[in-house]
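Some notes on the structure that comes next.
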Amino acid sequence: MKIFFKLFLSFFPLILLTSCFDILDKANVKADGSGEYTIILNASKSKTRLASISKMETINGKKVPKKAEIENKINEAAKTFRGTPGISNVKTTLDFDNYIIKLSCNFKKIENINAGLEKLKAQNILGKMIPTQIYSQNYEKKVLTRNKVNTFKTDYDKMSKADKEVFNGAKYIAVMQFENTIKSQSNKSYQLSPNRKAIKFEADILDLILQKKNVQNTILFQ
C-alpha cells in the first residue's frame, strides 16, 4: 500500500481509500513444519462506496487506481512468490464485485513466507515499513514464534486527517492452525481453540499501529 499509505501492501490502494476493511492472515502448519499461508483483504462492507470511487479519477488528491492496475500488482506479487524457494502452489483471487482480494501459497517451512515478503519489498511491491520477518520456528524446542513488529505510530502521526480516517473500523485477524497440540502460548490476546490446535488474534488495525495491542506470540507444542 505504499502508493497511498506506506504502512501496508501497495497492491490494495483502491480498497484503502475507504475504511471498514478486514485483513485475514492465516497459516496452517503441519507437524513437519510445512503448510499453507493465506492473506485476504475483504472490503465487502464498503463495496457500495468503493464502486462509486472506482469511477472517479482522483480522491483526496490521489489518483484512483483502475482494475487493470490492481490486477497487475497482484500478478506481480504472485510471480515474485512463485520464484521464492520453498514456496509453491501460489494462487490469487480478485473479486471486484465484493472487493475481496486473496493470495495463498504452500510453504516447506514457515520462514519461507518471510523470504517471499523480503523479495516483495526488494521489488517495491511492499512499502518499506512492512514487517517481513514475521515467523520463526525451532523444531528441536517445539517452538513457533510470531515475531514482534515495529510500531508505525510515527508514520501515522505524519498522515493527513483524511488519510488517517481509512483505519477507522479496519480490523486485522490472524488465525494459525496446527497438527501438533499447543502446550502454552505467551500472548493471552490469542484465543486458544478447545482442541488446543488453533489460535486466533483479532484487533483494530489502529490499535496495532498505536501499539495498544501486540501480535508477538511464542507458541510451545507438546
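The values are calculated or read from the model by the stated rules, or taken from the named source; none is laboratory data. Every value quoted in this text rests on a predicted model; they were computed, and no experiment measured them. In this analysis, Cβ positions are derived from the backbone assuming ideal geometry, glycine residues included, and neighbour counts consider all displayed protein chains.
Suppose we filter segment 197-210 for residues that are free of Cβ contacts under 8 Å to residues at least 24 places away in the same chain and small (G, A, S); how many remain? Result for segment 197-210: 1. Among residues of segment 58-74 being part of a helix (DSSP H, G or I) and not polar (S, T, N, Q), the one that is surrounded by the fewest Cβ atoms within 10 Å (Cβ to Cβ) is A68. For segment 83-118, filtered to residues that are in contact with a Leu (Cβ under 9 Å, 6 or more places away or on another chain), of a type in the set (A, V, I, L, M) and without any contact (Cβ under 8 Å) to a residue 40 or more places away in the chain, the residue that is farthest from K142 (Cα to Cα) is V90.
For the structure I just gave you, tell me whether K55 is touching a residue at least 24 places away in the same chain (Cβ under 8 Å), not aliphatic (A, V, I, L, M) and not in a strand (DSSP E or B). Against the criterion (touching a residue at least 24 places away in the same chain (Cβ under 8 Å), not aliphatic (A, V, I, L, M) and not in a strand (DSSP E or B)), K55 does not qualify. Residues in segment 17-52 that are part of a loop (DSSP other than H, G, I, E, B) and in contact with a helix residue (DSSP H, G or I) (Cβ under 6 Å, 6 or more places away or on another chain): T18, S19, C20, F21, A43. Looking at K213, K164, K121, just one residue is in contact with a Phe, Trp or Tyr (Cβ under 9 Å, 6 or more places away or on another chain), free of Cβ contacts under 8 Å to residues at least 12 places away in the same chain and not in a strand (DSSP E or B), and that residue is K164.
Scanning segment 75-100 for residues that are of a type in the set (S, T, N, Q) and assigned to a strand (DSSP E or B) turns up S88, N89, T92, T93.
Of all residues in segment 186-210, those being surrounded by fewer than 14 Cβ atoms within 10 Å (Cβ to Cβ) and outside any loop (DSSP other than H, G, I, E, B) number 1. Looking at segment 67-79, is at least one residue touching a helix residue (DSSP H, G or I) at 6+ places or on another chain (Cβ under 8 Å) and not small (G, A, S)? The answer is no; no qualifying residue exists. Residue count for segment 28-41 satisfying the condition of being over 11 Å from the mean Cα position of the chain (by Cα) and not basic (K, R): 8. Among residues that are in contact with a Phe, Trp or Tyr (Cβ under 7 Å, 6 or more places away or on another chain) and not small (G, A, S), F107 is included.
Of the residues making up segment 93-115, those that are closer than 24 Å to R49 by Cα, surrounded by fewer than 20 Cβ atoms within 10 Å (Cβ to Cβ) and not charged (D, E, K, R) are T93, L94, F96, N98, I100.
Assessment of segment 37-44 against the conditions (modelled with pLDDT of 85 or more, in contact with a Gly (Cβ under 7 Å, 6 or more places away or on another chain), surrounded by 15 or more Cβ atoms within 10 Å (Cβ to Cβ) and of a type outside the set (K, R)) yields no matching residue.
Among the residues of segment 137-150, is any touching an Asp or Glu at 6+ places or on another chain (Cβ under 9 Å), closer than 27 Å to K119 by Cβ and surrounded by 15 or more Cβ atoms within 10 Å (Cβ to Cβ)? Looking through segment 137-150, at least one residue is touching an Asp or Glu at 6+ places or on another chain (Cβ under 9 Å), closer than 27 Å to K119 by Cβ and surrounded by 15 or more Cβ atoms within 10 Å (Cβ to Cβ).
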